[in-house]
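Single-structure report; data block below.
Only the coordinates and a few stated rules stand behind these numbers; no lab work does. This one's a predicted model, so the numbers in the text were calculated from it and none came from an experiment. With ideal geometry, Cβ positions are generated from the backbone for all residues, glycine too; neighbour counts draw on all protein chains shown.
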Amino acid sequence: MGATSLPALASSSPSPSAVSALDRQLLTAAHQGNLWEIATSQQAQSAATTTCVKRVGTDFINDHRALDVGVVKTAAKLGAALPSGQTDAQLGQTAALKSLAGTPAYDAAWLKAQYPAHVQTLALIDKEIASGTNPLVKTLARSARPVVARHTQMVDHGVCHA
């Protein structure tokens, strides 16, 4: 009789290693987002024309490198595979930005690309905090939230705030 109750107990609360579709979505999107943020912010170091964008870019590089370490470690602990690179859309956006390098249009385009990216990431983080199932992924989301919120303010509606 005890053996028959074990599966019910096991299924009543998710195990620490259970990873839902939302948890996987957060890990994947965060990793690809971090890769994109690092790449575009490194690009901004030489392509931007304003000190503000370069300064914000430096913060983004440092913060997204640190955030990605957490994403990679969490995914590895959970056995969740991460993509090896950015999405095609992200690569296209990086190339479009590069075509404007060294012009004031670059700075405006960079800021306008960063703002919605951070807003979308914040929405996914909030969704994970509210509805994610894996405690490690939820903790990761909670720790990333203030960083992403600060970044959103730094590029608020396409205006630079270093």
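Key figures for this structure:
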| quantity | calculated |
| --- | --- |
| Potential extension, ARG145-ALA96 segment - 0.36 nm per residue separation minus Cα distance | 14.8 nm |
| Spatial separation of Cα centroids for region 39-59 and region 105-156, in angstrom | 19 |
| Estimated distance in nm for a label pair at VAL119 and ASN62, the labels positioned 7 Å out from Cα along Cα-to-Cβ | 2.8 |
| Unit Cα scatterers, Debye sum, region 86-152: log10 I(q)/I(0) for q = 0.18 Å⁻¹ | -0.75 |
| Global form of region 120-162, assessed from the alpha-carbon gyration tensor, a/c cut-off 1.5 | prolate |
| Förster radius 22 Å - calculated FRET efficiency between LYS127 and HIS157, Cβ distance, rounded to 0.05 | 0.50 |
| Virtual spin-label span in nm between ARG55 and ASP88, 7 Å along Cα→Cβ | 4.0 |
| Within a Gaussian network of the chain (alpha carbon springs, distance under 10 Å), most fluctuating of GLY70, GLY132, GLY102 | GLY102 |
| Separation of the GLN25 and ALA105 label points, Cα + 7 Å toward Cβ, nm | 3.6 |
| Rounded if a/c under 1.5, otherwise prolate or oblate - the chain, Cα gyration tensor axes | prolate |
| Prolate/oblate/rounded label for region 47-124 (Cα gyration tensor, a/c 1.5) | prolate |
